[in-house]
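The values are calculated or read from the model by the stated rules, or taken from the named source; none is laboratory data. This structure is a prediction, so every number in the text was calculated from the model and none was measured. These accessible areas exclude ligands, DNA and RNA; they are computed on the full protein's heavy atoms, side chains included. Shrake-Rupley method; radii C 1.70, N 1.55, O 1.52, S 1.80 Å.
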Amino acid sequence: MTIFRISGLIAISVLFAFIVAPAAPAKAQSATASRLIDYVNAARIENGLPAVPEHTRLSLAALTHARDMAENGFVEHKGSDGSNLEQRITRTGYAWNLLAENVAAGQETVQEVVQGWMKSPGHKENILNEEITEIGAGHVAVIHGGAGKNYTHFWVVVFGRRQN
């Protein structure tokens with residue numbers, strides 16, 4: 001009888017932990033997304049700025065938007081549901097006071113996408129923004145000719161600073 005009570009208590013404790021404790025989202029969802037963060041941070045360091053750490057909610061939003069672009073064959077900041085960056089980030093629960101986003105498609109490597117962004121004044125400004133404190137990244141690769149139309153790689157980086 002005591003063994004059953006202890007087993008029952010353990011089972012209830014485990015169940016309680018899963019229900020009450022919020023699941024922490026994973027860091028960058030792929031090695032490629034992780035490298036994307038590393039390359040963006042390298043560009044910041046080369047320009048005299050500190051690297052910024054990844055925030056899981058920003059990476060979740062970036063990956064979700066990259067998937068949306070890949071599945072629906074578009075490349076832009078507006079989501080297929082009409083959402084903008086602020087709405088997508090707010091959905092993740094990230095309490096922000098500054099946001100920026102870089103999107104791209106078609107580049108085959110992390111190096112190519114970051115080099116392209118650094119040649120674009122607006123994208124470069126986002127990367128080198130001194131006020132951002134966190135980053136998230138998403139990358140999706142699709143089979144050529146799929147929903148992604150002419151592209152096989154979709155890239156999204158989200159930059160943020162949380163409310164104090």
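Would you kindly state how much longer the chain becomes between A141 and T90 on full extension, computed as 0.36 nm times their sequence separation minus their alpha carbon distance, in nm to one decimal? It would help to have the intermediate numbers written out before the result.
Working: separation 51, 0.36 × 51 = 18.36 nm, distance 2.56 nm.
Between A141 and T90, full extension yields an extra 15.8 nm.
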Next item on the list: Step through the residues of region 75-85 one at a time and calculate ³J(HN,Hα) from phi using the Karplus curve (6.51 cos²θ - 1.76 cosθ + 1.60, θ = phi - 60°), rounding each to whole Hz and writing x for Gly and Pro.
Entry: 9, 6, 7, 7, x, 5, 8, x, 6, 9, 4
Item checked: Solvent exposure ordering (accessible area, 1.4 Å, most first) of K124, K119 -> K119, K124
